[in-house]
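Here's the structure we're looking at; comments come further down.
Laboratory data are not the source of any read-out in this text; all were calculated from the coordinates shown. What you see is a predicted model; the values in this text were computed from it and never measured. Cβ coordinates were reconstructed from backbone atoms using ideal geometry, including for glycine residues, and neighbour counts include every protein chain displayed.
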Amino acid sequence: MKLVIDAGNTRLKWQVLSGERVTASGACLMERQELAESLAPILAQVRAIAITTVIAEDRRDELSSALTELTGLVPRFHWSEAARGGLRNSYAAPERMGADRWHGMYGAWLRLAGSFVLVDAGSAVTVDYVTAQGVHRGGYILPGKAMMLRGLRQDVARVGFDADELHSVAPGRATSECVHHGLWWMWQAMVQRLEREALERNVDQIVVTGGDATDLLALGLTAIHLPDLVLEGVAAIDQEIYGL
Ligand SMILES: Nc1ncnc2c1ncn2[C@@H]1O[C@H](COP(=O)(O)OP(=O)(O)OP(=O)(O)O)[C@@H](O)[C@H]1O
Ligand SMILES: CC(C)(CO)[C@@H](O)C(=O)NCCC(=O)O
Ligand SMILES: [K+]
């Protein structure tokens, strides 16, 4: 059995694969204790570990040694590449691209025919355009939803608000409403822009993934929702290199 991990800035997501079949999955925070508890039921079966991550080097080293301690295995880290299987990166320095973006694009490239735009709504939001020929046209990096709220909470003195989200775009009449409606209003604008650009650029499909993808769908985005796309992409690459 192979353990595949996507370690993002907020959460770590994992799957256990038996051949190409997912037999278990989970998510946890990056702390040692949480990780050990989350993985406890499957640890004995793990024979290899494949990781995609965008966390900083010190946290990555901690994750690596925690996994080695738990399993006795040295995890295999996968990074962004210049090209693979017909998919081509637009970055002059491909290794600088977040591995989650590359692995998400590769997952979509393997699954879909035609051009696509991949929206990963996680801690940050990324938007990446890929042509039907597999050429990455480029993309965007934006602050994520939780990050936008945190920014308002931390960086302005007089904007306190409830944690409860309000899904409305009506102009607010109290601080909490103004903040939550404002966020929803901005995300609705993002949905409208995505749909317009997809038409203008002849994009066949909009693909969404990440913890906040359901918000985009709730706002009416016409898209394919593939929640495990980043894991799928890195699993495929690990298999191409090391086998099942
Ligand atoms: N259980 C959860 N814990 C934390 N965030 C969650 C959870 N469920 C949904 N979310 C939402 O998901 C977002 C984080 O998305 P995701 O889990 O994809 O992040 P990530 O993989 O850590 O991010 P990234 O890869 O961009 O660093 C947050 O903005 C939050 O609103
Ligand atoms: C943008 C994020 C944070 C999204 O998870 C990640 O892909 C990342 O850290 N990227 C590095 C910079 C880049 O992709 O150009
Ligand atoms: K992610």
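General remarks:
- Distant-in-sequence amide H partners of S80 (H built 1.01 Å from N, under 5 Å): A99
- Segment 1-79: GluC sites (Glu not before Pro) in DSSP loop, at most 14 other beta carbons within 10 Å: E20, E31
- Segment 2-78: proportion of alpha-carbon pairs further apart than 15 angstrom, %: 49
- Between E31 and A218, the FRET efficiency estimated from the beta carbon spacing at R0 = 30 angstrom works out to 0.50.
- Here the Debye sum runs over all C-alpha atoms of the chain as equal scatterers in vacuum, and log10 of I(q)/I(0) at q = 0.09 Å⁻¹ comes out as -0.42.
- Highest GNM mean-square fluctuation among M148, M105, M30, for the chain modelled with Cα contacts below 10 Å: M148.
- Cα-projected label distance for R158 with D58, points at 7 Å along beta-carbon direction, nm: 3.7
- Integer Hz, Karplus 6.51/-1.76/1.60 couplings in order for segment 192-198, x for Gly and Pro: 5, 5, 4, 5, 5, 5, 4
- Given the chain, longest segment not containing exposed loop trypsin sites (Lys or Arg not before Pro) (DSSP; at most 16 other Cβ within 10 Å): 48-157
- For segment 1-80 versus segment 100-116, the spacing of their alpha-carbon centroids is 22 Å.
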